[in-house]
């Protein structure tokens, strides 16, 4: 069947037409071999634009279509669908990018038009050699893996589990709950965080459809959308979980105290511990870094084990169910899931990087998360706001934007700090008689009830000073400053440099991506943005999807956000997954590699180099084979094969060479 | 032997004579050859730039051209000269039109600047090329028991050299001599610089804060790297005491003088007789250790 090609040059409003002479390019295209019709039009992706193509297909008997417009990542699926609806195989369609690769990168109209012509000519030459390919359908495993057990992961897991589908919830800490479990009250309603979180945690712990894998991390992900294989390392707690009742007797007996991560280092825990009393699962774990017995084993000694033995001479028994078992090992488990939702959350910026604010150099300079623990009634000070020496502060400064909105650290705004800083001011006024000073750049109270909360704060007598402090120092210049922490700043609203002595400084530190974000991204094959957070497929229209089909994001791992937004994103990600599960199957791109067994010499260069482990070696026939479901069409095999036995569908040598020749117009 | 082109700067031969003398004195013993840049001129520093911006660049660039022709790194003991010369070099690098005009002016004197010269501070050379351990190894007279505040001033560490909030180079050099650098939070705060001339009251206030901080941390003297800082802290100590009714008696030495003392060099060679606040008390302490 002779190729009959239709070429369509899009104006894209003035995005392309403002620089490229589109009518001229269309005229040029008309003169190319096998081109039956060539047009230019304002918006090819629109309804009328697509109708134009379909009509031409019918009236001119077109069997190939080229659209010169934007990037294929924008609209290739749109036009392929259009072709298919008009009866033309979608792989007989080719796009020439004359926007991102042409009109958007130059202002030189002559050069742009010349390049556009070359790109169109290349596309036309290529499409001549296209073959009709069929997308494959693969079924979707209805199980889902949710990575991260904070509020985002909990919400997503519950939504999917309630719909009747299996969820594996993997959490690396011994308990789920994440950072939300550390908070005291939440803005703007001042709901107690634990009170709204723990019921959900309990639901997760007891849900028949949720398999909770706590104290676990993923170590390998293979497979493809709809059919992922995930290896999960279940770290050993050194207890028999079926026997542990969470009674906590072992914690009381343990002689080793170490700083508690949950308390941000302000309080301590034992070597055998539950991170906090409401932990789910309600079981302890033994920390091998601090447990005397485990460290002694490495030297062949059998010491301590007070948790197991109790204190014999006092008649205090150890663990009564015999749950503690120091012989246990980590377990490697394999799990199959059709989709993965990433909800790994955030880490707090290390404020000691800002030397001038004295964090870790002065007593009584604390971060926001540390302050949450201080003000929390179940925290290390029982909810009393106290200085290091135990006295009550008479004045507290809260510095916004530490590490955020700062070209030295993070340019972005961490979104929640203005609100929690104001929440702190309110709680300080509730708990003490201290004066509160908020040092801000702008007040960002954007959400529902947030501005009203800010107004309420103003009436409570908190002092707001607009100016990012230059430093927090202990070098006194006047008698009143002696023994205090002095905040030096420019009060920008009155245009003066000022110094303010206070007793305590709270640093509202930035929200950052987790330190292991790069490792997680590599495991899942998803991207990160320049700011370190995982990258969504489209910032406006696809905020919870990633460029990797079947992997979704929710919560702070994607960008800083508050709890309402996190919960909404988690529900959105769950909806994406449920939609796929209810569809039952996905289409796999047909652009996969194929090995010609007649030519293949069995050297296995392709197999060694395939990044997706999609190629296997057939021992009987002594040739390589491609697993089309795993193949992502990257072409490394085709490029590496010394005998030219591997071809890549939709990227054959013939097609690529034609494209190159066409470009040399 | 390490070779450097040496740019003393006007102060090292005038108000900062102690720096000029001690820098040359310690060069040989430390294995440095400081070859004075022939025909160097004043870098212009702050005053010239505020008179005529374009001319000030040419004035500074003339030294860059002379230095580039020699081929060695250009080393200066003055913080302000170092900043001025580096600033000029950067401007010429980023603004090619300016570079052309400047070279046009330089060509009248038969000079040209292509942009390949490295300008460094003497402290940078002592800290990174000679290194404190090597200096410690050459010490003949350990200055143990001497507690001094290592004062960087602002221009030594801004904008070009690393950590402005908690620098360590001078402290390490002081330690190498055996003396003990005290904890000095205001170590890199401004001494007032040339404002001592135009806004004396303001500058005296800044200087006083430095004395207060150093003295309160137990310093018996101050060691500095910049001739302007040294002049402000040394020559105006009397005025500060008078204005604020204080009794500070803090000798202000150059780091090169301190190193010279540790190397066992005679006081006259180190220009210790040019210091205003007598370093006698410190020197007698040191003599006792020999």
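The values are calculated or read from the model by the stated rules, or taken from the named source; none is laboratory data. Keep in mind it's a predicted model, so treat the numbers as computed, not measured. We place every Cβ from the backbone using ideal geometry, glycine too, and count neighbours over all the protein chains shown.
Each row is one residue, and each column tells you yes or no for (1) without any contact (Cβ under 8 Å) to a residue 24 or more places away in the chain; (2) touching a helix residue (DSSP H, G or I) at 6+ places or on another chain (Cβ under 9 Å); (3) over 18 Å from residue A:368 (Cα atoms).
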{"residue": "A:466", "(1), (2), (3)": "no, no, yes"}
{"residue": "A:471", "(1), (2), (3)": "no, yes, no"}
{"residue": "A:483", "(1), (2), (3)": "yes, no, yes"}
{"residue": "A:525", "(1), (2), (3)": "no, no, yes"}
Discussion item. Within the range A:609-665, take every residue that is in contact with a strand residue (DSSP E or B) (Cβ under 6 Å, 6 or more places away or on another chain) and assigned to a helix (DSSP H, G or I) and give me the one that is nearest to residue A:120 (Cα to Cα).
Written reply: A:638
Fill in: Meets criteria (assigned to a loop (DSSP other than H, G, I, E, B) and in contact with a helix residue (DSSP H, G or I) (Cβ under 7 Å, 6 or more places away or on another chain)) for residue B:39
yes
Item to complete: Return the residue satisfying two criteria in turn: it lies in the range A:465-474 and is more than 33 Å from the chain's Cα centre (by Cα) and closer than 13 Å to residue A:500 by Cβ, and of such residues it is nearest to the other protein chains (Cβ to nearest Cβ).
Response: A:473
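Answer yes if at least one residue in the range A:358-365 is within 14 Å of chain B (Cβ to nearest Cβ), within 29 Å of residue A:148 (Cβ to Cβ), out of contact with any helix residue (DSSP H, G or I) (no Cβ under 6 Å at 6 or more places or on another chain) and assigned to a loop (DSSP other than H, G, I, E, B), and no otherwise.
Taking the range A:358-365 as the starting set, the residues that turn out to be within 14 Å of chain B (Cβ to nearest Cβ) are A:358-362.
Remaining after also requiring within 29 Å of residue A:148 (Cβ to Cβ): A:359-360.
Adding the requirement that they be out of contact with any helix residue (DSSP H, G or I) (no Cβ under 6 Å at 6 or more places or on another chain) leaves none.
Among the residues of the range A:358-365, not one is within 14 Å of chain B (Cβ to nearest Cβ), within 29 Å of residue A:148 (Cβ to Cβ), out of contact with any helix residue (DSSP H, G or I) (no Cβ under 6 Å at 6 or more places or on another chain) and assigned to a loop (DSSP other than H, G, I, E, B), which makes the answer no.
Out of A:270, A:274, which single residue is without any contact (Cβ under 8 Å) to a residue 40 or more places away in the chain and under 21 Å from residue A:377 (Cα atoms)? Talk me through it step by step, then tell me what you get.
Working: A:274 fails: without any contact (Cβ under 8 Å) to a residue 40 or more places away in the chain.
Step by step, each of A:270, A:274 is checked, and only A:270 is without any contact (Cβ under 8 Å) to a residue 40 or more places away in the chain and under 21 Å from residue A:377 (Cα atoms).
Select from the range A:252-270 the residues that are part of a loop (DSSP other than H, G, I, E, B) and under 28 Å from residue A:365 (Cα atoms) and list them in ascending order.
Filtering the range A:252-270 for residues part of a loop (DSSP other than H, G, I, E, B) gives A:254-256, A:260-267.
Residues satisfying the conditions are A:256, A:260, A:261, A:262, A:263, A:264, A:265, A:266, A:267.
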Worksheet item: Which of the following residues is within 14 Å of another protein chain (Cβ to nearest Cβ), more than 25 Å from residue A:416 (Cβ to Cβ), touching a strand residue (DSSP E or B) at 6+ places or on another chain (Cβ under 6 Å) and buried (at least 16 other Cβ atoms within 10 Å of the Cβ): A:477, A:490, A:481?
Response: A:481
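Here is a yes/no grid of residues against (1) within 23 Å of residue B:206 (Cβ to Cβ); (2) at pLDDT below 95; (3) over 20 Å from the mean Cα position of the chain (by Cα); (4) part of a helix (DSSP H, G or I):
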| residue | (1), (2), (3), (4) |
| --- | --- |
| B:230 | yes, no, no, yes |
| B:242 | yes, no, yes, yes |
| B:249 | yes, no, yes, no |
| B:264 | no, yes, yes, no |
| B:283 | no, yes, yes, yes |
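Quick one: would you say residue A:512 is surrounded by 14 or more Cβ atoms within 10 Å (Cβ to Cβ) and within 14 Å of another protein chain (Cβ to nearest Cβ)? Please lay out each step first, then the result.
Details: surrounded by 14 or more Cβ atoms within 10 Å (Cβ to Cβ): yes; within 14 Å of another protein chain (Cβ to nearest Cβ): no.
Taking the combined requirement at face value, the residue does not satisfy it.
Yes or no, residue by residue, for (1) under 30 Å from residue A:611 (Cβ atoms); (2) touching a strand residue (DSSP E or B) at 6+ places or on another chain (Cβ under 6 Å):
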position	(1), (2)
A:229	yes, yes
A:237	no, yes
A:246	no, no
A:273	no, no
A:302	no, no
A:320	no, no
A:324	no, yes
Item to complete: Please verify whether the range B:149-162 includes one or more residues that are away from chain A (no Cβ under 14 Å), touching a helix residue (DSSP H, G or I) at 6+ places or on another chain (Cβ under 7 Å), surrounded by fewer than 23 Cβ atoms within 10 Å (Cβ to Cβ) and more than 22 Å from residue B:239 (Cβ to Cβ).
Response: yes
Worksheet item: So which of B:230, B:237 is more than 16 Å from residue B:154 (Cα to Cα) and either more than 14 Å from chain A (Cβ to nearest Cβ) or surrounded by fewer than 22 Cβ atoms within 10 Å (Cβ to Cβ) (or both)?
Response: B:237
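Looking at the range A:442-464, which of its residues are surrounded by fewer than 16 Cβ atoms within 10 Å (Cβ to Cβ) and either touching a strand residue (DSSP E or B) at 6+ places or on another chain (Cβ under 7 Å) or within 14 Å of chain B (Cβ to nearest Cβ) (or both)? Break it down stepwise before answering.
Initially, the range A:442-464 is screened for residues surrounded by fewer than 16 Cβ atoms within 10 Å (Cβ to Cβ), giving A:442, A:446, A:448-449, A:451-452, A:455-456, A:458-461, A:463.
Result: A:463, single match.
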Worksheet item: Looking at A:547, A:504, which is the one that is surrounded by fewer than 19 Cβ atoms within 10 Å (Cβ to Cβ) and either within 30 Å of residue A:71 (Cβ to Cβ) or away from chain B (no Cβ under 14 Å) (or both)?
Response: A:547
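Quick one: would you say residue B:167 is touching a residue at least 40 places away in the same chain (Cβ under 8 Å), under 19 Å from the mean Cα position of the chain (by Cα) and within 14 Å of chain A (Cβ to nearest Cβ)?
Numbers: touching a residue at least 40 places away in the same chain (Cβ under 8 Å): no; under 19 Å from the mean Cα position of the chain (by Cα): yes; within 14 Å of chain A (Cβ to nearest Cβ): yes.
No: the conditions fail for residue B:167.
Table: residues versus (1) under 17 Å from residue A:561 (Cβ atoms); (2) assigned to a strand (DSSP E or B); (3) modelled with pLDDT of 95 or more.
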| residue | (1), (2), (3) |
| --- | --- |
| A:377 | no, no, no |
| A:387 | no, no, yes |
| A:399 | no, yes, yes |
| A:404 | yes, no, yes |
| A:409 | no, no, yes |
| A:413 | yes, no, yes |
| A:427 | no, no, yes |
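Looking only at the range A:66-78, decide whether some residue is in a helix (DSSP H, G or I), out of contact with any strand residue (DSSP E or B) (no Cβ under 8 Å at 6 or more places or on another chain) and modelled with pLDDT of 95 or more.
First pass over the range A:66-78, keeping only residues in a helix (DSSP H, G or I): A:72-78.
This time we only want the ones that are out of contact with any strand residue (DSSP E or B) (no Cβ under 8 Å at 6 or more places or on another chain), so: A:73-74, A:77-78.
Keeping just the survivors that are modelled with pLDDT of 95 or more gives none.
Checked the range A:66-78: no residue is in a helix (DSSP H, G or I), out of contact with any strand residue (DSSP E or B) (no Cβ under 8 Å at 6 or more places or on another chain) and modelled with pLDDT of 95 or more.
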Response to the item:
Exception for residue A:610 within (1) surrounded by 19 or more Cβ atoms within 10 Å (Cβ to Cβ); (2) at pLDDT 95 or above; (3) in contact with a helix residue (DSSP H, G or I) (Cβ under 8 Å, 6 or more places away or on another chain) falls at (2)
Worksheet item: Taking the range B:187-209, which residues are in contact with a helix residue (DSSP H, G or I) (Cβ under 7 Å, 6 or more places away or on another chain) and either more than 14 Å from chain A (Cβ to nearest Cβ) or buried (at least 18 other Cβ atoms within 10 Å of the Cβ) (or both)?
Response: B:190, B:191, B:192, B:193, B:194, B:195, B:196, B:203, B:204, B:207, B:208
Discussion item. If I filter the range B:100-123 for residues that are part of a helix (DSSP H, G or I), within 15 Å of residue B:170 (Cα to Cα) and within 21 Å of the chain's Cα centre (by Cα), do I get at least one hit?
Written reply: yes
Practice prompt. Please find, among B:141, B:175, the residue that is touching a helix residue (DSSP H, G or I) at 6+ places or on another chain (Cβ under 9 Å), at pLDDT 95 or above, away from chain A (no Cβ under 14 Å) and surrounded by fewer than 19 Cβ atoms within 10 Å (Cβ to Cβ).
Written response: B:175
Worksheet item: Which condition number in (1) more than 30 Å from residue A:90 (Cα to Cα); (2) touching a strand residue (DSSP E or B) at 6+ places or on another chain (Cβ under 9 Å) is the one that residue A:530 fails?
Response: (2)
